[in-house]
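The values are calculated or read from the model by the stated rules, or taken from the named source; none is laboratory data. Because the structure is a prediction, the values reported are computed rather than measured. Ideal geometry is used to build each Cβ from the backbone, glycine not excepted, and the neighbour counts take in all protein chains shown. In case anyone asks, the SASA skips ligands and DNA or RNA and just uses the protein heavy atoms, side chains included. Shrake-Rupley method; radii C 1.70, N 1.55, O 1.52, S 1.80 Å.
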Amino acid sequence: MLQWERGRVLEVSAPWRGVQMLRVARTDGPEGPEGREGGTSTDGPSTVPALSYPELVGEIAEGEDVLLNANALRRGLGTGGQALVVARAGELPQAQQPIGHMVKARYTPMQTLVDALDDPGSPHRAALEGTDDLGGMPVVLADLHSALPAIVAGVRAEAPEARIVYVMSDGAALPAAYSRTVARLRETGDLVACISAGQAFGGDLEAVTVHTALLGAKAVCEADVVVLAQGPGNLGTGTAWGFSGIQAAEGLHATSVLGGRPVAALRVSGADARSRHHGVSHHSLTLLGRAALAAADVPVLAAEAGPDPDREDSAFTQYVRQQLERSVVEPALSRGVGHRIVDVPRAGLREALDDSPVGLRTMGRGMEEDPWPFLFAAAAGRHAARLADPAGR
């Protein structure tokens, strides 16, 4: 059920490309205890932080009246921390008519027309029709958006000049503009493009399916490595199959059928108090051990070299390997799917992560609290870079 409110814009900023951040005074929103509980802003119950997408509603100015969707904000859910602007009361957005006729966020009030790679009128249509094979291009598959900058850091540690493309699937956030990570990595040139696939929209390029997004990454963007993951806002239920990141299995299948090289970035934690996420998360175990119908490379951190490796470190990496053997490799092999565990040296990965232009955080924790998610994601990036051949593009 929708919970809409009206408000007047008090302040406007544009902290990254594709969004405006607002402070909005409620004009008919809830007051009293429920209103105070819902508002996460320190400004008090009468004002709320809000996020607006100019692509959908146009550029907003101070003093305008707006209509807000405050559902997640009022419930204190993880999908934001701010209300979302649905419409402006006075101005209608003026947008250029796209060449194509592809509709995303279909049959919702916010559906938007985009120029997709697949569209007959697209300038990239010929290039897309001219390729039907990824030619062994490595595609790193992650179930959490927060793995993206760590994977990119791992690629850069091995192949600084590699062309990396991010394909954003539609399992979580639909607007690509919501990702500050993507905006920053595009700004620094660490990503050469973002392709929004399926119902996701707002990337540098649009694709109707993950398949055409992958083909576009190769044929149009000349990618050496692709990272495929949902946008911000993973939805989980605590059940074996009820998490949005399981969509990564579909990306694995698309990569395989198109002749790419699937590389699985494991979701790993040494600090999560929930047993189902300790070591290798049950999300990765389900995705690779039960949902995957095609094989992938599964990079893991190699055992530390030297006469006196850190015992706690060695015990954790050994535990991860045991989990994979028991809950991924064996059950998958019984179904005819032969995943390959690949040892990846960790030398230089921590330094590469420390140099990331994007702050690294996942599930509320950073490198100091839990380095393992980022190190294993970086290992996947390093392995993908080794599979790629930028010089031979």
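Worth a mention:
- Contour minus Cα-Cα distance for residue 273 and residue 303 (0.36 nm per residue): 8.3 nm
- Longest site-free stretch - the chain; sites: GluC sites (Glu not before Pro), DSSP loop, at most 15 other Cβ within 10 Å: 223-303
- Pairs of Cα atoms nearer than 8 Å and 6+ residues apart set the relative contact order; for the stretch 249-389 it is 31 percent.
- Cβ-based charge dipole, the chain, positive-most Cα from 375, 16, 281: 281
- Assigned charges on the beta-carbon of Lys, Arg, Asp, Glu; the stretch 82-196 dipole about Cα centre (debye): 440 debye
- Using only side-chain charges placed at the Cβ, +1 for Lys and Arg and -1 for Asp and Glu, the dipole size of the chain relative to its Cα centre rounds to 700 debye.
- Listed peptides 331-339, 176-184 by packing density, highest first (mean Cβ within 10 Å): 176-184, 331-339
- Between residue 180 and residue 4, the simple label model (points 7 Å from Cα in the Cβ direction) yields a spacing of 2.9 nm.
- Cα-centre dipole for the stretch 247-393 with unit charges at Cβ (Lys and Arg positive, Asp and Glu negative), debye to 20: 640 debye
- Folded to 0 to 90 degrees: helix 148-158 orientation relative to the chain principal axis, Cα: 40 degrees
- The helix-based estimate of mean residue ellipticity at 222 nm for the chain, built from -39,500 (n - 2.57) per DSSP H run of four or more residues and divided by its residue count, is -7500 deg cm²/dmol to the nearest 500.
- For the stretch 254-393, the solvent-accessible area of protein heavy atoms averages 45 Å² per residue (probe radius 1.4 Å; ligands and nucleic acids excluded).
- Positive minus negative residues near residue 124 (Lys, Arg vs Asp, Glu; Cβ under 11 Å): -4
- Value of relative contact order over the chain, rounded to a whole percent, pairs C-alpha under 8 Å and six or more apart: 16 percent
- Which of 211, 122, 194, positive extreme of dipole for the stretch 91-235 (C-beta unit charges): 194
- Förster-model FRET efficiency, 25 Å R0, residue 133 and residue 334, C-beta, rounded to 0.05: 0.25
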